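Undergrad: Below is one structure. I have some questions about it.
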Amino acid sequence: MSHQIQSILIIDDEEEIRTMVSAILTDKGYLVETAKSGGEAVKTSKKTSFDLALIDIKLPDADGTELLKRLREIQPKIATIILTGQPSIENAIKSVNNKADAYILKPIDAHTLLETIKRTLAEKNNAYFQMFTEVERAKTSTPIFKYQTPDKWYQNK
């Protein structure tokens, strides 16, 4: 499997966070784009494919957990990490219910951020690899695929 550069969309209304996180990720070799609102994020994700989205839970025009669902509709394979400065049980539950892959607290620690992104992308890639392996395995063990020459069924005449 060839190593491809992974792309990340950072969605946060705070410019300092977009700038800092963008610098950290670019430095590590990721392709990075940013959006300061939910609307901008949706527009960008319709034009460009991303491996992962970092989504602030509180945006001026959107709730991060709702935006997560919207991005998944546009890009079903996208991995998502929720960023929040207001950790709460309610936010955590909403994030989990909307299938966030991870949850990072602000202020953002660079090491935690990088480790979480690396783990999330690896788990996502693993899940797809397992799915393809399962499909290939099913092709060889499922009768529908086994009998590719149905005329042999009628040889006992």
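Undergrad: For the chain, list log₁₀ I(q)/I(0) at each q in 0.08, 0.20 Å⁻¹, using the Debye formula over Cα point scatterers of equal strength and ignoring solvent, two decimals each.
TA: -0.31, -1.27
Undergrad: Say the cut-off is 29 Å between C-alpha atoms; which of K28/K139; K36/K118; K43/K139 go over it?
TA: Beyond 29 Å between Cα atoms: K28/K139; K43/K139.
Undergrad: A further question on this structure: Considering only A35, A62, A100, give the residue with the highest GNM mean-square fluctuation for the chain, with springs between Cα atoms whenever their separation is below 10 Å.
TA: Result for the chain, Cα springs under 10 Å: A62 fluctuates most.
Undergrad: How many percent of DSSP beta bridges within the chain run antiparallel, rounded to 5?
TA: Rounded to the nearest five, the antiparallel share is 5 percent.
Undergrad: On to the next question. Any idea how far the Cα center of the range 64-81 sits from the one of the range 31-48, in Å?
TA: Each part reduced to its Cα centre gives a spacing of 11 Å.
Undergrad: For helix 64-74, what angle does its Cα long axis make with the longest principal axis of the chain, in degrees from 0 to 90 and rounded to 10?
TA: Helix 64-74 sits at roughly 40 degrees to that axis.
Undergrad: Here's another thing I want to ask about it. Mind listing the long-range amide H neighbours of I10? Cut-off is under 5 Å, sequence gap 5 or more, other chains count too, H placed in the peptide plane at 1.01 Å from N.
TA: The answer is E33, T34, A35, L54.
Undergrad: In deg cm²/dmol and to the nearest 500, what is the mean residue ellipticity at 222 nm of the chain if only DSSP H runs of at least 4 residues count, each as -39500 (n - 2.57), divided by the residue total?
TA: One gets -16000 deg cm²/dmol as the mean residue ellipticity at 222 nm.
Undergrad: Angle between the Cα long axis of helix 15-27 and the longest principal axis of the chain, 0 to 90 degrees, nearest 10?
TA: The answer is roughly 50 degrees.
Undergrad: Between the DSSP loop rule and a limit of at most 16 other Cβ atoms within 10 Å, which trypsin sites (Lys or Arg not before Pro) in the range 1-95 are left?
TA: Counting only loop positions with at most 16 other Cβ atoms within 10 Å, the trypsin sites (Lys or Arg not before Pro) in the range 1-95 are K28, K77.
Undergrad: Name the most mobile residue of I89, I24, I81, meaning the one with the largest mean-square fluctuation, in a Gaussian network model of the chain with Cα contacts below 10 Å.
TA: I89
Only the coordinates and a few stated rules stand behind these numbers; no lab work does. From a predicted model like this one, the values you see are computed outputs, not experimental measurements. Glycine gets a Cβ as well: all are built from the backbone with ideal geometry, and neighbour counts include every protein chain shown.
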